[in-house]
Amino acid sequence: MALVEARELVKVFRRREREPGMAGAVRALVRRRSVEHIAVDHVELSIEEGEAVAYVGPNGAGKSTTVKLLSGILEPTSGEVRVGGLVPQRNRMAVAHDLGVLFGQRTQLWWDLPVSDSLGMLRDLYGVDRGTYARRMRRFDEVLQIAELMAVTGRKLSLGQRMRVDLAAALIHGPRVLYLDEPTIGLDLSVKDRVRAFLRELRDDGTTIMLTSHDLADIEDLCRRLVIIDRGRIIFDGDLGAVKDEFARERVLHLQTGSAVDAGAVRAALSGATVEPDAAPDRLTVRFDRFALTAGHVVNAVGRLVDVVDFRLDEPGIEDVIRRVYAGDIAFAGAGRGGTP
């Protein structure tokens, strides 16, 4: 049995609408009008224990609503969710001990309390013994460097500091399932690398992870499976490597050279690449297929013509991948475990 399951999951929000102005307000008192918005539309999802799944889509696609349904925060309009065989909406206390949730725009901290008090309250709420809590806090500090933040009140934390503490808060009770919404937003590069390594450890130790992120590096580092949702419906559910090979092949290399560079000569040396000269004569951009060329090949080819002073490689973000899935083969985009064309 899968650890997390969604069957024919639907969530419809109803909101009232009125015409602008005083006349519209008066009419709304007499005749109320509401419109329906389908945020999640017959989603089928099954996640095995120890699996790490990337759940992505454009803003407003239904990602956060799905996570709230899977964690029991929202009631579905129809369909059912099960976590460990239990329905979270009906077994809140039992399921809460199996779940850790981090929402990038929400916090578990109490704004007017020091971080130490917020984490201590969560420890007591989950019934974590003090020895286990101390051991986990030492590990969190190794990865997240939160000891220096323990005396700071929640409202005084920067975004990056709050994300580090909120990740610790989500893991205090050792959950079996971890829902992560943009877990590395606001983190500097060194902390981001440690967090990614820590999440890999959790996955390898058997923690089931569902990740939403716009950072392809987060997803590539942790997940082998990609689920794409658009307008409430899952349009792709399958192997991340297959999506990358199909839709994320292009790399963009920006080069600065020691003197003026001849774009025509670079094109002749790099068959199949697109060479775009810059307004500055010592700069150019090369777009290439990573299966046909590597960044090293491009740098070496340009270096044989002119000295290369500096370069920067751009890889596609997850939004680029999603955009290319939409523009690609519909049969491929709809294929997989639960995709619907």
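The values are calculated or read from the model by the stated rules, or taken from the named source; none is laboratory data. On a predicted model such as this, the values are computed, not experimentally measured, just so you know. Using ideal geometry, Cβ is built from the backbone for each residue, glycine included, and neighbour counts are taken over all protein chains shown.
Within the range 236-270, being over 36 Å from the mean Cα position of the chain (by Cα) and either assigned to a helix (DSSP H, G or I) or surrounded by fewer than 17 Cβ atoms within 10 Å (Cβ to Cβ) (or both) holds for Gly258, Ser259, Ala260, Asp262, Ala263, Gly264, Ala265, Val266, Arg267, Ala268, Ala269.
Suppose we keep only residues that are touching a residue at least 24 places away in the same chain (Cβ under 8 Å) and either in contact with a helix residue (DSSP H, G or I) (Cβ under 6 Å, 6 or more places away or on another chain) or in a helix (DSSP H, G or I) (or both) within the range 81-94. Which one would you say is farthest from Val43 (Cα to Cα)?
Narrowing the range 81-94 to residues touching a residue at least 24 places away in the same chain (Cβ under 8 Å): 81-85.
With the extra rule that they be either in contact with a helix residue (DSSP H, G or I) (Cβ under 6 Å, 6 or more places away or on another chain) or in a helix (DSSP H, G or I) (or both), the set shrinks to 81, 83.
On the way: Val81: 10, Val83: 15 Å.
Per the stated criteria, the residue is Val83.
Evaluation of Gly84 against the conditions (1) modelled with pLDDT under 95; (2) under 29 Å from Arg162 (Cα atoms); (3) surrounded by 18 or more Cβ atoms within 10 Å (Cβ to Cβ) shows that the sole unmet condition is (2). Specify the residue that is farthest from Ile318 (Cα to Cα); the eligible residues are those in the range 202-223 that are surrounded by fewer than 22 Cβ atoms within 10 Å (Cβ to Cβ) and charged (D, E, K, R). Ranking the qualifying residues of the range 202-223, first place goes to Asp205. Here Ala134 qualifies as surrounded by fewer than 20 Cβ atoms within 10 Å (Cβ to Cβ), in the same structural domain as Ile73 (by TED's automatic domain parsing), free of Cβ contacts under 8 Å to residues at least 40 places away in the same chain and assigned to a helix (DSSP H, G or I).
The set of residues from the range 171-196 being among the hydrophobic types (A, V, I, L, M, F, W, C) and over 16 Å from the mean Cα position of the chain (by Cα) comprises Leu171, Ile172, Leu189, Val191.
Of Arg304, Arg233, Arg251, which residue is at pLDDT 90 or above and touching a His at 6+ places or on another chain (Cβ under 8 Å)?
Step by step, each of Arg304, Arg233, Arg251 is checked, and only Arg233 is at pLDDT 90 or above and touching a His at 6+ places or on another chain (Cβ under 8 Å).
Residues of the range 242-253 that are out of contact with any Leu (no Cβ under 8 Å at 6 or more places or on another chain), farther than 11 Å from Arg290 by Cβ and not acidic (Asp, Glu): Ala242, Phe247. Here Arg233 meets the list (1) loosely packed, with under 15 Cβ neighbours inside 10 Å; (2) in the same structural domain as Gly104 (by TED's automatic domain parsing); (3) out of contact with any helix residue (DSSP H, G or I) (no Cβ under 9 Å at 6 or more places or on another chain) almost entirely, failing just condition (1). Taking the range 88-131 as the search range and keeping residues that are surrounded by 19 or more Cβ atoms within 10 Å (Cβ to Cβ) and among the small types (Gly, Ala, Ser), which one is nearest to the chain's Cα centre (by Cα)? Only one residue tops the list, namely Gly104.
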